[in-house]
Amino acid sequence: MSLWTPLHAQIHRTIRARHLFEHNQKLLVAVSGGQDSLCLIRLLLDLQPKWGWNIAIAHCDHCWREDSQANAHHVENLAKTWNTPFYLETANQPVNSEATARNWRYQALTKIAQLNHYQYIITGHTASDRAETLLYNLMRGTGADGLQALTWQRPLTENIILVRPLLEITRSQTEQFCQKFNLPIWEDSTNQNLQYPRNRIRQELIPYLKENFNPQVEANLAQTAELLQAEVEFLEQAALQWRLEASSKGDRDNLQIDRRILQKAPLALQRRVMRQILQEILPDAPNFEHIEKLAALITAPNRSQTDPFPGGLTATVQDDWIVFN
């Protein structure tokens, strides 16, 4: 086992305090070969004797770099060195955008976990990633949900949970850890490509904010995301209660909402109720405009009607009810 460091102690406490996973669980750890994932796998392997976990390494080869195959071999060799089971998933064709890559990666990891009965998929997202995600979503236009999007855990399927144990650790800390234990970091050249917005945030915006505004900006933004996470969870539960009370007992094809009930709710909850409804009935996630025009019907005159939503659905005021057609 490696030398026990303050970072080992912190992650050990975080996993226990947040109940991220329990003793003797099967953990599939996503390892790209970069500093964050190497720090993560080394920490978990060092903690393994205390927890009795069954740990395996998974690597996803996106095939979008010339050295991606060498990268995969590098991670496989590390797994052999650490006597840890290794799984590789390779894209059939190059994955050429951040969003496509992320979606494919989670699908690939879920497939490996399902086939081999792993209960948890563990990724090396850090406080730095959390800060970058907050800024990225803020600039795209989002509510509190988008600002806290990188959460400690979320279900991927009924039986598989995605867990991010490093969300209180910054990228500079993972780099120091890798240097301390001479972990062989594989440098991903795409991380330097400034055509990707997240890389510009990482390489240009965050350093600028650190130098000109606050050296602790990463940690502070990550802390903001942490606070928002709890508040979003509370608001979503509260909105669900209002929605259940206001929804008619009719079938989904004839959904009706009692606006007298929603008129008593604060605007924040009115919006959330409408968003929850639209998420279920629209083909794609609703935007701010969709939510606003539906929420406006709560106090609109009788027979008011929205223009069609994507998919052709409209909402109409019929006396005390909002009816979807």
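Identify the residue in region 107-151 that is within 11 Å of the chain's Cα centre (by Cα) and of a type in the set (S, T, N, Q) and, among all such residues, is surrounded by the fewest Cβ atoms within 10 Å (Cβ to Cβ).
The residue in question is THR151.
How many of the residues making up region 267-291 are in a helix (DSSP H, G or I) and either within 17 Å of GLY312 (Cα to Cα) or in contact with a helix residue (DSSP H, G or I) (Cβ under 7 Å, 6 or more places away or on another chain) (or both)? Steps first, please.
At the first step, the residues of region 267-291 found to be in a helix (DSSP H, G or I) are 267-281, 288-291.
From what's left, either within 17 Å of GLY312 (Cα to Cα) or in contact with a helix residue (DSSP H, G or I) (Cβ under 7 Å, 6 or more places away or on another chain) (or both): 268-281, 289-291.
Result for region 267-291: 17.
Is there any pair with a first residue in region 283-297 that is in contact (Cβ under 8 Å) with a residue 24 or more places away in the chain and under 16 Å from GLN256 (Cα atoms) and a second that is assigned to a helix (DSSP H, G or I) and open to solvent by less than 60 Å² (accessible area, probe 1.4 Å) whose Cβ atoms are under 8 Å apart and which are 6 or more apart or on different chains, and what are they?
Close Cβ pairs satisfying both conditions: LEU294/MET274; LEU294/ILE277; LEU294/LEU278; ALA295/GLN270; ALA295/MET274; LEU297/ARG259.
Could you check region 256-278 and list, in sequence order, the residues that are farther than 10 Å from ILE291 by Cβ and either open to solvent by 30 Å² or more (accessible area, probe 1.4 Å) or of a type in the set (Val, Ile, Thr) (or both)?
Within region 256-278, GLN256, ILE257, ARG260, ILE261, GLN263, LYS264, PRO266, LEU267, ALA268 qualify.
Does PRO165 meet the test of being within 28 Å of TYR118 (Cα to Cα) and open to solvent by less than 50 Å² (accessible area, probe 1.4 Å)?
On the way: within 28 Å of TYR118 (Cα to Cα): yes; open to solvent by less than 50 Å² (accessible area, probe 1.4 Å): yes.
Yes, satisfied.
Of all residues in region 59-78, which are over 16 Å from THR123 (Cα atoms) and either touching a helix residue (DSSP H, G or I) at 6+ places or on another chain (Cβ under 9 Å) or of a type in the set (D, E, K, R) (or both)?
So the first thing to find is which residues in region 59-78 are over 16 Å from THR123 (Cα atoms), and the list is 62-74, 76-78.
Matches in region 59-78: HIS62, CYS63, TRP64, ARG65, GLU66, ASP67, GLU76, LEU78.
The values are calculated or read from the model by the stated rules, or taken from the named source; none is laboratory data. Being a predicted model, the structure only gives us computed values, none of them experimental. Neighbour counts are summed over all protein chains in view; Cβ atoms, including those assigned to glycine, are modelled from backbone coordinates with ideal geometry. Calculation scope for accessible area: heavy atoms of the full protein, side chains included, ligands and nucleic acids excluded. Shrake-Rupley method; radii C 1.70, N 1.55, O 1.52, S 1.80 Å.
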